[in-house]
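Asks: Supplied in structure tokens, the structure appears directly below.
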Ligand code: NAD
Ligand code: DAU
């Protein structure tokens, strides 16, 4: 038995692969094209482990994906591969349409051809698990109820619009062709191997380097934060017991304004790696806001709890402490990603701000 994971060298994908193989001997075939966000160093602990099969390739490559499915005959596909950074989607939406929309379409077509050829029992057991985001639901006012699975789609950024399009394709492949799909929409993840373009790792890495901590606008935008290990356990729960054709929202019950997140990171660093120059909060700067910046996301995760008994294991306090410690312990990983494309990206996004 095996599963195929797409984007398994990225932040959440690599955490998922590591978690999966820590709990099961079922082979993971990991299809990843290795964009700037894909980093095989995340999976270095699996070197020589035959349960992890890495396939370097693009989800848009029909011929290659068809062959991969025939060669490994997975019982499920867990689809993480995407362009994932909102700011990059504003600077260059093209790659987002190519991977998130066209890529999901091509992958669905490969999966459909493979699934159609399975025998009755294998066909019924097969799952296409689509990993999506809360951003497809748009922005909430301060006192609006959290997103349920039936909240209307109102994506506001090129990233969220491309993810919304992919969600609709997955839904249509179920309704039209009967493909056994499940979709999960999750809030902001944080934890080990998070690429330091996103808020939490950027703040940790910049603080340790004595660089400015750029908060967009007033910093009162609210996100719900989920430790990445909890996202992985939620996906496993949905894959194992989620109802076909259903959507499950995944969240941490942990809404916080960005400003609080940055101050928490600074306070933890003051305690864990004090800087003789003074408190890290001295590095906070307010910079020009993200265009079209969504004000608030909040997830109502009662459905997954009711149906599958899943709740996050980490609180924000435990998860953020573990995360800061991980970055302190992995300066080599940080140094490795702080090269080439990463440095170019920093200047593209921040010099004009
Ligand atoms: P990431 O950017 O860290 O990783 C994406 C991975 O996909 C990389 O390894 C990259 O090389 C690979 N990839 C990109 N284009 C590809 C292609 N055409 N073919 C094959 N591989 C390709 O992303 P992440 O933060 O780990 O997010 C994973 C998924 O979870 C995405 O679908 C994202 O939309 C979703 N999601 C992320 C978050 C979050 O907070 N990070 C929250 C909710 C949902
Ligand atoms: O909500 C789920 C989404 O969370 C995922 O679908 C995306 O893939 C993921 O990137 C993340 O999107 P965000 O835009 O919320 O994440 P980001 O870390 O880029 O930003 C978090 C918040 O912090 C957001 O309100 C913007 C703000 N921010 C971000 C950066 C990088 C800053 O204030 N300063 C910064 O330098």
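For every residue, the table says whether it meets (1) under 14 Å from residue 201 (Cα atoms); (2) within 16 Å of ligand 1 (Cβ to nearest atom).
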| residue | (1), (2) |
| --- | --- |
| 283 | no, no |
| 288 | no, no |
| 300 | no, yes |
| 303 | no, no |
| 315 | no, no |
| 324 | yes, no |
| 328 | yes, no |
| 333 | yes, yes |
| 337 | yes, yes |
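Asks: Quick one: in the range 225-255, of everything that is touching a helix residue (DSSP H, G or I) at 6+ places or on another chain (Cβ under 7 Å) and assigned to a strand (DSSP E or B), which residue is farthest from residue 139 (Cα to Cα)?
Replies: Among those residues, the one meeting the criterion is 227.
Asks: If you don't mind, there's one more thing I want to ask. Taking into account only those residues within the range 180-201 that are away from ligand 2 (no atom under 16 Å from the Cβ) and buried (at least 21 other Cβ atoms within 10 Å of the Cβ), which is nearest to the chain's Cα centre (by Cα)? Lay out the reasoning, then the answer.
Replies: Initially, the range 180-201 is screened for residues away from ligand 2 (no atom under 16 Å from the Cβ), giving 180-182.
Next, only the ones that are buried (at least 21 other Cβ atoms within 10 Å of the Cβ) stay: 181-182.
On the way: 181: 19, 182: 16 Å.
Of everything passing the filter in the range 180-201, 182 is nearest to the chain's Cα centre (by Cα).
Asks: Do we have any residue at all in the range 2-14 that's over 21 Å from residue 195 (Cβ atoms) and in a helix (DSSP H, G or I)?
Replies: So far as the range 2-14 goes, no, none of its residues is over 21 Å from residue 195 (Cβ atoms) and in a helix (DSSP H, G or I).
Asks: All but one of (1) over 30 Å from residue 22 (Cα atoms); (2) modelled with pLDDT of 95 or more hold for residue 115; state the number of the condition that does not hold.
Replies: Only one criterion is unmet by residue 115, namely (1).
Asks: Quick one: how many residues across the range 168-178 are surrounded by 21 or more Cβ atoms within 10 Å (Cβ to Cβ) and either part of a loop (DSSP other than H, G, I, E, B) or within 14 Å of ligand 1 (Cβ to nearest atom) (or both)?
Replies: Residues of the range 168-178 that are surrounded by 21 or more Cβ atoms within 10 Å (Cβ to Cβ), as a first pass: 170, 173.
Checking the rest, the ones that are also either part of a loop (DSSP other than H, G, I, E, B) or within 14 Å of ligand 1 (Cβ to nearest atom) (or both) come to 170.
Qualifying residue count, the range 168-178: 1.
Asks: I'd like to check which helices (runs of 4 or more DSSP H) are fully inside the range 60-124 and have at least 3 residues that are out of contact with any strand residue (DSSP E or B) (no Cβ under 8 Å at 6 or more places or on another chain) and surrounded by 15 or more Cβ atoms within 10 Å (Cβ to Cβ).
Replies: The qualifying helices (runs of 4 or more DSSP H) are 86-91, 104-116.
Asks: Regarding residue 29, is this residue more than 14 Å from ligand 1 (Cβ to nearest atom) and either in a strand (DSSP E or B) or within 17 Å of residue 232 (Cβ to Cβ) (or both)? Can you show your working first?
Replies: Details: more than 14 Å from ligand 1 (Cβ to nearest atom): no; either in a strand (DSSP E or B) or within 17 Å of residue 232 (Cβ to Cβ) (or both): yes.
Spelling it out, it is not the case that residue 29 is more than 14 Å from ligand 1 (Cβ to nearest atom) and either in a strand (DSSP E or B) or within 17 Å of residue 232 (Cβ to Cβ) (or both).
Asks: Something else: Give me the pairs: first residue in the range 69-88 and under 20 Å from residue 50 (Cβ atoms), second residue away from ligand 1 (no atom under 16 Å from the Cβ) and not in a helix (DSSP H, G or I), beta-carbon distance under 6 Å, and six or more apart or on different chains, which are they?
Replies: 72/2; 74/2; 75/1; 76/127
The values are calculated or read from the model by the stated rules, or taken from the named source; none is laboratory data. Here the structure is a predicted model, which means the values were calculated and not measured. Please note: Cβ atoms are built from the backbone with ideal geometry, for glycine as well, and neighbour counts cover all protein chains shown.
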